[in-house]
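Some notes on the structure that comes next.
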Number of protein chains: 2
Amino acid sequence: MYGQKSAVEIDTDSFFKTLPAESEDAKPASAHAQVPFVTPLREMNFVLNEVLDAPGHYQKLGYTDLTPDFVDEINGAVASFAEEKVAPLYSSGDAEGCKYNTDSSVSTPRGYKEAYEEWSQGGWSGLTVPEEYGGQGMPLSLGVIKSEIIGTANWSWSMYPGLSMGAINTLLLHASEEQKQTYLTKLVTGEWSGTMCLTEPACGTDLGQVSTRAVDNGDGSYSVTGTKVYISGGEHDMAENIVHIVLARLPGAPEGTKGISLFLVPKYLPNEEGELTGEESADNRNVTCVGIEDKMGIKSSATCVMGFENSKGWLIGEPNDGLNQMFTFMNTARLGTAMQGVCHMERSYQGALPWCMDRASMRALSGKKYPDDVADKIIVHPDVRKNLLTIKALTECGRAMIYDAALKADGMLDDDEAVREKCEEELGLHTPTMKAWLTELGIECSSLGMQVYGGAGFIKDYGMEQIMRDARISTLYEGTTGVQALDLLGRKIILDKGKELGKQAKLQIGEAFEIGTSSTAGNHNLRGHALEVASLSTQWVTTSMRIVAGAASDREIVGSASTDFLMFSGYISGAYQWLKMMNAAGTALDANPDMDAADRSFYESKLHTGRFYFDRLLPKAYALRDMSIKKPDSIMNMPLDGWDLATTLPSNSGDAYAGYKPE
Amino acid sequence: MYGQKSAVEIDTDSFFKTLPAESEDAKPASAHAQVPFVTPLREMNFVLNEVLDAPGHYQKLGYTDLTPDFVDEINGAVASFAEEKVAPLYSSGDAEGCKYNTDSSVSTPRGYKEAYEEWSQGGWSGLTVPEEYGGQGMPLSLGVIKSEIIGTANWSWSMYPGLSMGAINTLLLHASEEQKQTYLTKLVTGEWSGTMCLTEPACGTDLGQVSTRAVDNGDGSYSVTGTKVYISGGEHDMAENIVHIVLARLPGAPEGTKGISLFLVPKYLPNEEGELTGEESADNRNVTCVGIEDKMGIKSSATCVMGFENSKGWLIGEPNDGLNQMFTFMNTARLGTAMQGVCHMERSYQGALPWCMDRASMRALSGKKYPDDVADKIIVHPDVRKNLLTIKALTECGRAMIYDAALKADGMLDDDEAVREKCEEELGLHTPTMKAWLTELGIECSSLGMQVYGGAGFIKDYGMEQIMRDARISTLYEGTTGVQALDLLGRKIILDKGKELGKQAKLQIGEAFEIGTSSTAGNHNLRGHALEVASLSTQWVTTSMRIVAGAASDREIVGSASTDFLMFSGYISGAYQWLKMMNAAGTALDANPDMDAADRSFYESKLHTGRFYFDRLLPKAYALRDMSIKKPDSIMNMPLDGWDLATTLPSNSGDAYAGYKPE
């Protein structure tokens, strides 16, 4: 089994390529068409090898075997699995959804369990886990790419192993050795899965309100009581046990976020040897799924209400340090959700492109392009091209942003705390922007993918509308867009006194200067773009300074500026990545004038797409800048009774008046 | 019955207020919560009476009885019906959807039929139909407001009477007197309903490809054969007969759009007296519903595939004049779809506001606002307020834009052709912008309404996600956003040589000047806004001139500029309406310094909301302007093989290469 081999010993032929034959049960149950899915390995390799120098990075980290070819082989193996086993369940999983049964169990759609078993048997859950716990010890960045591939194939399915990764990483950093031996090893093999239990009915963002209680049983264990909601993978039929990582309060703990501790609470209690007893049944569950949510999308991901009632659990780390521990991996987790935006954009593009190449409607304004046909293919129409290019341009810079960050995240598991801290700081600046900007764009682009289909985009048979429904959750969970924006401006810039922002801006200006003065820039018209990246990088700093200066006299400026500022930051980062990608493409073209037609087309496509980004998307940055520096008055001055409660909503209003005491 | 009385005789007490008791069947079947719905009559009256002078307009048209009070009474009666009978079916209708039965019939959700019957008995379908055909002879604008009210209550339900209105208006202008007496009168009473059958599997936008055939039977009737898709209300159980208005080709007709004729094809053939024979059954249907679509939203609106097979029909108007006739009412129909944007925005706001007033999370950055509570209500947070204000600001200027246009549309049924033509021209400039801009914003705002709920927004129980799913269709049907944009820039501006655009810009500049120099502007800080409206109105013209100048040498400029230019136009029109609304609010405040607190709050809220629009939304106009004047190169230069077909999508690509012959 791959998971039990070390990286250097991997026999890729036998482990990556030999996937179990498709089971009978895995056939899609839906009549709906399947949006095609092909892993864009060439795109991924371009970013890794030609834009970011991942090969050099891996060598520097000591992963001497991680050559471009070997990385491609690993990704290719994930791709085969994703395309053959997971992608075919995308539509059927949505159509079937999860079922909550009378015995409080949850059934996942047909084929999900089988795919999960194959995934586990392949050892994929342990790809980035140290070898001492049964993993492969690969860098985290490869885990991010793994998530991208299975997430693009079927986001909902990928959430089950994805949540396990959250539990794995938390246990890795904070659990006792005993806890690791009992629980982590089972999570690594995939025999057991994991969840993160944070949210309660009264609080999601505001975890200081957590009211789940834990009482010391005197034997090293605790009794945990409370209700957790929106728990992804809280209950399902894919693994034999589920390990819940739970935020709860000890008696007498301080109020708010400083009184929250972290607990490990398994669905079934293992025996002293850490094994299940064989008597697992509805009667002896330690945690009960009380129900599942009926949602707009990601219907095959079970979103559970979990009831803890004197559920036996164990403290992870120190008391009252729970939020801190839970948030150690928050940046990495948010990287994963940022990736969701890219996954849906990629899927949307792959669904939209063939339709635009095939559907015939109207004639090009500049004259017939398919003179022998009744009408031109719609790919000739500027507005259709603009929609496709928008998706393509954002997908590709989104991927580059995430890979760039993922390589930084490789330091998160370093033994040296200084390395971890530096990594955390660099990553910290980027994650809120990536999470919020890319997920907002994921919704926008999945909508554009529907748009080019016309009315057919709205019909389930064509497979496009599911992408938008699935994408819609991504700006809500793992911290809403507004929360990310406050994190960026408040914590990552103001609290940091702009240090990381300044460093990053300086780096971008330096690279822009270097690219802009190169012969490549001259050959491929990149000078104007380099200048704009440098200029915007400067404005990024000055705009933040202007906001911060205003905040000294009015704290509300931070909140009212933050979302526009974050989106502004996103467009700048996108431009920076596009400049680097265009430079890499131009460099390749210049270095090898005799390259074959397919390669030439690939690199020239990069230049075309990048130009589109600068021409047709980047101008939005200036509007966002202008909106972000406005005074907060027009947002803050509306009094409570100005929202029309008095005139149109007398009976449906909330009780906002009760207890309202503005200074 | 109201529909059989003339406007002057209406006894509003007995006809508007006495609605039949709720039937047992009408109870919602769904467990999902209902987003509250209250008709914003105060808002509507403000726009009609204080911003647009609808009372003066109605007097001028000769509707002497249409005083503000009477208009409010009519709207109030629609509101009561909508709130009591239609809104309660919003969630349940979505959960149940329509069912296609083995006998090719379609069942609508519980309560739909009963609500439709009450609506018909109330005579509402005939509100704007001339009295000679059994209607009330009210101006079209009141029909638009009627559609708004029932559309906000339950868009999908409102589509059934909405499509009938399309058939009614088409027959009114183009059918023979005999056809009117037989079919129109039944549509007016609601006994029969209507559809518009344009789209076919191979063509939606490009109606020149219509392939449905009609053959002369020699007895005045025709045999119609073909398949029509996406036919809203094509089959259902709410009316006893359905009148299809069908685009088809006569033998030997010219190719393309010039060879299309319009036919009337009833589901069941009436006898010589124009009555049903009583033998209507699955066996003797003249038209067959072949299936219904499974869609992302508007699930309770039956979207049908209609099979015509030697179906007996009658020519409407002259041969080969079908598209022309179908499009007579296109501007009015598009006004109705533009309204859909406002309906969903209003509904989203009404759903979002109580949550923001009630949900407690975190503390205001400027200090506790609810010191006795565990956390502040989220209405204190800038980003939440910004989302709410965005919905509010766009809903209100959208409503004003539509009412403004609807009053212009009142001339569409005038006996004088010159009046009709003037009306068509004025309306023509506005409809594509309103249709595309407001529906795009309808999606954006319904998404923002979900966003303030956090994770709960994604859960069906909270009722917000349905609004976004329902809204998503609106940029696709009745001409996609891209089609509207070409209509605006190509037909309504370039073909018109900028005449209407110039007139409208001049009007806006004049009004801005008048407002900007008034004492009201001084009292309420409107001068800067007036200046910006004047400046943007000028830029509206100059930007269009710049695009047109470029188009002389490159036709693709029109298509590549059009969508951004349309959105630019939308934000300008919104600013113009906001300036007028702020002026009206300021005028009211100045005129009556002793008004009561609720009135004061109402008018001040208008000023706050308007300021928000200028501060935080209007800056987007400048980015759209800048994007619209870019050269088309970055959109048009990508060659066919640059879309990554060669590298990532080899097997899934369409056949775009076949037959491609660029000049």
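The values are calculated or read from the model by the stated rules, or taken from the named source; none is laboratory data. Nothing here was measured: the structure is a model prediction, and the numbers come from that model. Because the Cβ atoms are built from the backbone with ideal geometry, glycine has one as well, and the counts that use them run over all protein chains shown. Calculation scope for accessible area: heavy atoms of the full protein, side chains included, ligands and nucleic acids excluded. Shrake-Rupley method; radii C 1.70, N 1.55, O 1.52, S 1.80 Å.
Give the ranking of A:571, A:477 by solvent-accessible surface, highest area first, calculated with a 1.4 Å probe. Before the final figure, lay out the partial values.
On the way: A:571 10, A:477 50 Å².
Result of the area sort, largest leading: A:477, A:571.
Taking amide H positions as placed in the peptide plane 1.01 Å from N, state which residues far from residue B:291 in sequence (5 or more) or on other chains have amide H under 5 Å from it.
Under 5 Å from the amide H of residue B:291: B:305.
Would you mind pulling out the separation of the Cα centroids of the stretch B:421-495 and the stretch B:345-420, in Å?
Computed from Cα coordinates, the inter-centre distance equals 16 Å.
Suppose you put the label 7 Å out from Cα in the Cβ direction; list, shortest first and in nm with one decimal, how far residue A:255 is from each other copy's label.
Between copies, matching label points for residue A:255 lie 7.9 nm apart.
Quick one: accessible area per residue over the stretch A:499-636, 1.4 Å probe, rounded to a whole number of Å²?
Numbers: 5090 Å² over 138 residues.
On a per-residue basis, the stretch A:499-636 sits at 37 Å².
Label-point separation (nm) for residue A:240 and residue A:281, each offset 7 Å from Cα along Cα-to-Cβ?
1.8
May I ask you to report, in nm to one decimal and beginning with the shortest, the distances from residue A:281 to the same position in the other copies, taking label points 7 Å along Cα-to-Cβ?
Label-point separations across copies, in nm and ascending: 5.7.
Considering all projection directions equally, how large on average is the shadow of the alpha-carbon convex hull of the stretch B:102-169, in square nanometres? Show your work: numbers first, answer last.
Numbers: hull surface 21.3 nm².
So the mean shadow area of the Cα hull is 5.3 nm².
Sort B:176, A:605 from largest to smallest accessible area, using a 1.4 Å probe on the heavy atoms of the protein chains.
On the way: B:176 50, A:605 0 Å².
I get B:176, A:605, largest accessible area first.
What accessible area per residue comes out for the stretch A:418-478, rounded to a whole number of Å², with a 1.4 Å probe? Present the calculation step by step, with values, prior to reporting the outcome.
Values: 1330 Å² over 61 residues.
Here the per-residue accessible area is 22 Å².
With a ≥ b ≥ c the root eigenvalues of the C-alpha gyration tensor of the stretch B:329-479, is it rounded (a/c under 1.5), prolate (a/b larger than b/c) or oblate?
Working: a/c = 3.99, a/b = 2.55, b/c = 1.57.
It is prolate, given that a/c is not under 1.5 and a/b is the larger ratio.
Which ³J(HN,Hα) values, rounded to whole Hz and listed in residue order, are derived for the stretch B:290-297 from phi using the Karplus coefficients 6.51, -1.76 and 1.60 in 6.51 cos²θ - 1.76 cosθ + 1.60 with θ = phi - 60°, glycine and proline given as x?
Karplus values, whole Hz, x for Gly and Pro: 8, x, 10, 8, 9, 10, 5, x.
Other chains' Cβ within 10 Å of A:387-400 residues: what's the mean?
Working: counts 4, 3, 4, 0, 0, 4, 1, 0, 0, 1, 0, 0, 0, 0.
Mean number of neighbouring Cβ atoms from other chains: 1.
Which residues of the stretch B:431-453 show a drop of at least 40 Å² in accessible area when all protein chains are present, compared with their chain alone (probe radius 1.4 Å, heavy atoms only, ligands and nucleic acids excluded)?
The answer is B:451.
Expected output is a single nm value to one decimal: the length gained when fully extending between residue B:415 and residue B:61, i.e. 0.36 nm times separation in residues minus the C-alpha distance. What is it? Don't skip to the end; give the middle numbers.
Details: separation 354, 0.36 × 354 = 127.44 nm, distance 1.21 nm.
Result: 126.2 nm gained on full extension.
List the residue from chain B whose beta-carbon is nearest to the axis that rotates chain B onto chain A, together with that distance in whole Å.
Reported as residue, whole Å: B:623, 2.
In nm, one decimal, shortest first: how far is the label point of residue A:374 (7 Å from Cα along Cα to beta carbon) from the matching points in the other copies?
6.3
Considering only DSSP beta bridges whose two residues both sit in the protein assembly as shown, what percent are antiparallel, to the nearest 5? Let's see the in-between values first.
Working: 60 of 74 bridges.
Bridges in the protein assembly as shown that DSSP calls antiparallel: roughly 80 percent.
Restricting to Cα pairs below 8 Å that are 6+ residues apart, what does the relative contact order work out to for the stretch A:2-326? Please round to a whole percent. List each step's numbers first, then the result.
Numbers: 652 pairs, mean separation 59.0, N = 325.
The normalised contact order for the stretch A:2-326 reaches 18 percent.
With each label point set 7 Å from Cα along the Cα-Cβ vector, what nm distance links residue B:358 and residue B:422?
Taking the two extended label points, one gets 5.1 nm.
With +1 on the Cβ of every Lys and Arg and -1 on the Cβ of every Asp and Glu, and nothing else charged, how large is the dipole of chain B about its Cα centre, in debye rounded to the nearest 20?
Numbers: 58 positive and 90 negative charges, 533 e Å.
So the magnitude is around 2560 debye.
Hey, what do the phi angles of the stretch A:169-180 turn into as Karplus ³J(HN,Hα) couplings, whole Hz, using 6.51/-1.76/1.60 and θ = phi - 60°, x for Gly and Pro?
Computed from phi, the couplings for the stretch A:169-180 are 5, 5, 5, 3, 8, 10, 7, 6, 4, 5, 4, 5 Hz.
What are the residues of the stretch B:475-496 that lose 50 Å² or more of accessible area, with a 1.4 Å probe, going from their chain alone to all protein chains?
Those residues are B:476.
Kindly give the semi-axes, whole Å and largest first, of the ellipsoid equivalent to the stretch A:192-260, taking each as the square root of 5 times a Cα gyration tensor eigenvalue. Walk me through the numbers on the way to the answer.
On the way: eigenvalues 99, 57, 12 Å².
Taking √(5λ) for each Cα gyration eigenvalue gives 22, 17, 8 Å.
What do the square roots of 5 times the Cα gyration tensor eigenvalues come to for the stretch A:2-326, in whole Å, largest first, as semi-axes of the equivalent ellipsoid? List each step's numbers first, then the result.
Numbers: eigenvalues 218, 117, 67 Å².
Values for the stretch A:2-326, descending: 33, 24, 18 Å.
Rounded, prolate or oblate, given the Cα gyration tensor of the stretch A:139-218, with a/c below 1.5 counting as rounded?
Working: a/c = 2.35, a/b = 1.30, b/c = 1.80.
Since a/c reaches 1.5 but b/c is at least a/b, the shape of the stretch A:139-218 is classed as oblate.
Choose one of B:266, B:277, B:296: the residue whose Cα lies farthest towards the positive end of the charge dipole of the stretch B:261-319 (beta-carbon charges +1 Lys, Arg; -1 Asp, Glu; about the Cα centre).
B:296
Rounded, prolate or oblate: pick one for chain B, where a ≥ b ≥ c are the square roots of the eigenvalues of its C-alpha gyration tensor, a/c under 1.5 means rounded, and failing that, prolate if a/b is larger than b/c, else oblate.
On the way: a/c = 1.43, a/b = 1.22, b/c = 1.18.
It comes out rounded by the Cα gyration axes.
Just the Cα atoms of the protein assembly as shown: what Rg and Dmax do they give in Å?
31.1, 97
Roughly to the nearest percent, how much of the accessible area of chain A is carbon and sulfur, given a 1.4 Å probe? Before the final figure, lay out each step's value.
Working: 11350 of 22510 Å².
On chain A, the fraction of accessible area on carbon and sulfur atoms equals 50 percent.
Through the Karplus equation 6.51 cos²θ - 1.76 cosθ + 1.60, θ set to phi - 60°, convert the phi angles of the stretch B:53-62 into ³J(HN,Hα) values in whole Hz; use x for Gly and Pro.
These are the phi-based 3J(HN,Hα) values: 6, 4, x, x, 4, 5, 4, 4, 6, x Hz.
FRET efficiency for residue B:517 and residue B:73, Cβ-Cβ distance as r, R0 = 35 Å, nearest 0.05? Walk me through the intermediate numbers first.
Numbers: r = 38 Å, r/R0 = 1.08.
Here the calculated transfer efficiency is 0.40.
Looking at this model, which pairs from A:146/B:299; A:386/A:580; A:146/A:503; B:392/B:497; A:113/A:460 are more than 32 angstrom apart at the alpha-carbon? It would help to have the intermediate numbers written out before the result.
Values: A:146/B:299 37 Å; A:386/A:580 22 Å; A:146/A:503 30 Å; B:392/B:497 35 Å; A:113/A:460 25 Å.
Those over the limit are A:146/B:299; B:392/B:497.
Can you give the direction-averaged projected area of the convex hull of the alpha-carbon atoms in the stretch B:303-404, in nm²? Kindly include the intermediate steps, with their values, before the conclusion.
Values: hull surface 44.4 nm².
Averaged projected area of the stretch B:303-404's Cα convex hull equals 11.1 nm².
What does the accessible area of residue A:81 come to, in Å² to the nearest 10, when a probe of 1.4 Å is used?
0
Between A:209, A:121, A:192, whose Cα lies farthest towards the positive end of the dipole of the stretch A:110-238 when Lys and Arg beta carbons carry +1 and Asp and Glu beta carbons carry -1, centred on the Cα centre?
Among A:209, A:121, A:192, the one farthest towards the positive end of the dipole of the stretch A:110-238 is A:209.
Per-residue Cβ counts within 10 Å, from other chains only, averaged over B:228-240: what number is that? Provide the component values of the computation, followed by the final result.
Working: counts 0, 3, 5, 0, 0, 0, 0, 0, 0, 0, 0, 0, 0.
Averaged over the peptide's residues, the number is 1.
Would you list the P(r) distribution for the stretch A:499-636, with all Cα-Cα distances sorted into 10 Å bins from 0 and each bin expressed as a whole %?
12, 36, 27, 15, 7, 2, 0
Would you mind computing the Rg to Rh ratio of the stretch B:359-438 from its alpha-carbon coordinates, Kirkwood style for Rh?
Numbers: Rg = 22.1 Å, Rh = 16.0 Å.
Answer for the stretch B:359-438: 1.38.
Show me you know the interface measure: the accessible area buried between A and B, both chains summed, probe 1.4 Å, in Å² to the nearest 100.
That pair hides around 11000 Å² of surface in total.
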